[in-house]
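Okay, so here's the structure we're looking at.
What follows is calculated from the coordinates using simple rules that are stated; it is not laboratory data. No experiment lies behind these values; they were computed from the predicted model shown. In this analysis, Cβ positions are derived from the backbone assuming ideal geometry, glycine residues included, and neighbour counts consider all displayed protein chains.
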Amino acid sequence: MLSQLPEQPTDKILDLMRMYRADARTSKIDLGVGVYKDASGHTPVMRAVKAAEKQLWEEETSKSYVALTGDPAFCDAMATLVLDDCVPRSTVATCATPGGTGAVRQAFDLVLLANPSARVFVSDPTWPNHLSILRHLGIETIAYRYFDTETGAVDFNGMLADLDALRPGDVVLLHGCCHNPTGANLTLPEWQAVIKVMNAKGAIPMIDIAYQGFGDGLEEDAAGTRLVAKSCDEVLIAASCSKNFGIYRERTGITMVVCQDDAQKALTQSNLSHLNRQTYSFPPDHGARLVSMVLNDASLRADWQSELEDVRKGMLSLREQLAGELQRLTGSDRFGFIAQHRGMFSRLGLSPQVVESLRTDHGIYMVGDSRINVAGLTADTIPILAKAIVETGG
Ligand code: LMR
């Protein structure tokens, strides 16, 4: 039987991680996978998370199951973090999931249960695993233009033109903030225009928000999602705690569904419970508990927000330094978009040959489409990267 298994395509981000680990050069630079690193190249446990972990170790008396859709305290805290009070909490169905990927998967599975013929419109480009999960589920995808490779900005006219092909019941996958892989994001008026199209066409928005707090701030980064939530009847949301709480390996995420009324919410909630039970039964609790402890304790929360702000500002500063260095070396503003982009990633617009040469000749690892993880840079490596880009003709 097993010999009948199909070969599976590998994931280009995880491939890159493997290649980086196998590279013996001490000068190598990792700008691949989206994991935050501080100036010493370390991915720290955030202070408030560590404090919550200590408290949990003291106080937790049982490891028995919690609830099929996760601890209600976690679900409430996350619904408030992402949505604030833009819609009544009573209309939001929620289920805790293993990481943001689990949240995306449950949301797409829910789409499949509700409307097996739904098509999902995805930005070109998008996170490769979105496409992979959709392919795995057999859901048809339609790409909409998103990124202007010439300017490094959103190709908004192209996006609107492509969304014109939406049919009632189609799903539009949007990145809540810090678009992965490009770093180019919609403005609020653009969100508003997209909402108008989706509502006119009878399409359902699905928002993947995995980097809240990494772009312009916790509230600012949720503004697009909140606008959609209060303007559309039904909204699917997948949120991740991996990055903004730095709890990658704890696998903590949540699927949220904004529903039209109580009856629809009850039906959606029971479907989310069903999906959790079929897929992995009870979701992991440790990371979720840390998140709710941090969000519900004023002093832990203040410390978390302050550390998150430092992380965000550090990435902004790295962006400015890289854009400045490239400006100095090339004498042009061609890479000025790096300072305008937000979040962890920027797509530099380099050719696959240049990306390959940066890796083989300079030990600089970025995803094949020239996406860099800005947090992988330091003040010391920025001049090295900029010089290598210029030398390789990037
Ligand atoms: C990334 O895009 O690098 C992250 O979201 C990590 C992952 O799982 O791909």
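The figures follow:
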| quantity | calculated |
| --- | --- |
| So Thr252, is it buried (at least 22 other Cβ atoms within 10 Å of the Cβ), within 23 Å of Pro168 (Cα to Cα), of a type in the set (Val, Ile, Thr) and touching a helix residue (DSSP H, G or I) at 6+ places or on another chain (Cβ under 9 Å) | no |
| Condition check for Val257: more than 22 Å from Ala67 (Cβ to Cβ) and either touching a helix residue (DSSP H, G or I) at 6+ places or on another chain (Cβ under 8 Å) or free of Cβ contacts under 8 Å to residues at least 12 places away in the same chain (or both) | no |
| Candidate set from region 201-214 (those that are touching a His at 6+ places or on another chain (Cβ under 9 Å) and either in a helix (DSSP H, G or I) or in contact (Cβ under 8 Å) with a residue 40 or more places away in the chain (or both)); member that is nearest to the ligand (Cβ to nearest atom) | Ala210 |
| Spans of helices (runs of 4 or more DSSP H) in region 261-358 with at least 2 residues in contact with a Cys (Cβ under 7 Å, 6 or more places away or on another chain) | 262-279, 286-296 |
| Residues of region 225-245 satisfying the condition of being touching a strand residue (DSSP E or B) at 6+ places or on another chain (Cβ under 6 Å), away from the ligand (no atom under 16 Å from the Cβ) and of a type in the set (A, V, I, L, M, F, W, C) | Val228, Ala229, Cys232, Val235, Leu236, Ile237 |
| Condition check for Leu385: more than 16 Å from the ligand (Cβ to nearest atom) and closer than 24 Å to Lys12 by Cβ | yes |
| Residue list for region 33-44, filter: more than 16 Å from the ligand (Cβ to nearest atom) and either surrounded by fewer than 14 Cβ atoms within 10 Å (Cβ to Cβ) or among the aromatic types (Phe, Trp, Tyr) (or both) | Asp38, Ala39, Ser40, Gly41, His42 |
| Identity of the residue in region 255-298, β-branched (Val, Ile, Thr) and surrounded by 15 or more Cβ atoms within 10 Å (Cβ to Cβ), that ends up nearest to the chain's Cα centre (by Cα) | Thr255 |
| Residue in region 166-179 that is surrounded by fewer than 17 Cβ atoms within 10 Å (Cβ to Cβ), free of Cβ contacts under 8 Å to residues at least 40 places away in the same chain and out of contact with any Leu (no Cβ under 8 Å at 6 or more places or on another chain) present | yes |
| Residue among Gly324, Gly349, Gly331, Gly336 that alone is closer than 16 Å to Asn180 by Cα, away from the ligand (no atom under 16 Å from the Cβ) and not basic (Lys, Arg) | Gly349 |
